[in-house]
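Below you'll find the structure, written out as structure tokens, and then a few comments.
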Amino acid sequence: MRVGARIAVDVGEVRVGVARSDTAGILATPVATYRRYKDDFTSVIALVQEFDALEVIVGLPLNMDGSEGKSARNARRWAKQLSRKIAPVQVCLVDERLSTVTAHNLLHEAGRKEITHRSVVDQVAAVIILESALAQERATGFPPGERIEMER
């Protein structure tokens, strides 16, 4: 397992949820939810710098059949833009099918009313994405997901 904090991002149409790990890659914690097109890039870049992040993991919301729809193309575009802004810090895409559904279910099970989910569901989804990526790296010994190639 590589040593270093990771930042995970759940990119949505309106909001961007963010989580981070400890440097050992054991604990994933929610950080914040940012507004898309307002403070998402600036805030994530600041977190990458603050935590001296090893990499940023962006959730790729594939369709259930594994194909890429509008949301996946949107997340891929966002990840590529971020990659240009934070190079040489690596950005990777990790399959996040059902992370938001799982996040809603967890919040419901924790006793939160549906109306209050909006403010934290994206953060919880980012935690789920990060936990999945960390588990994948522990199981395989390799960095998770699809690496975004840095443009020259």
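A few comments on the model shown:
- Using θ = phi - 60° in the Karplus curve 6.51 cos²θ - 1.76 cosθ + 1.60, the 3J(HN,Hα) couplings for region 44-54 round to 5, 4, 4, 5, 4, 6, 4, 9, 6, 5, 6 Hz; x is entered for Gly and Pro.
- Qualifying GluC sites (Glu not before Pro) for region 34-70 [loop in DSSP, other Cβ within 10 Å: at most 16]: 68
- Between residue 3 and residue 46, the simple spin-label model (points 7 angstrom out along Cα→Cβ) gives 2.9 nm.
- In region 1-59, trypsin sites (Lys or Arg not before Pro) in a DSSP loop with at most 13 other beta-carbon atoms within 10 Å: 2, 38
- Extending 7 Å from the Cα toward the beta-carbon at both residue 87 and residue 149 defines two label points whose distance is 1.3 nm.
- Sum of side-chain charges, residue 130 neighbourhood, beta-carbon under 12 Å (Lys, Arg +1; Asp, Glu -1): -4
- Cross-link partners for residue 38 among the aspartates and glutamates, with Cα-Cα distance under 15 Å and sequence neighbours closer than 8 places in the same chain left out: 13.
No lab work stands behind these numbers, since they all come straight from the coordinates. On a predicted model such as this, the values are computed, not experimentally measured, just so you know. With ideal geometry, Cβ positions are generated from the backbone for all residues, glycine too; neighbour counts draw on all protein chains shown.
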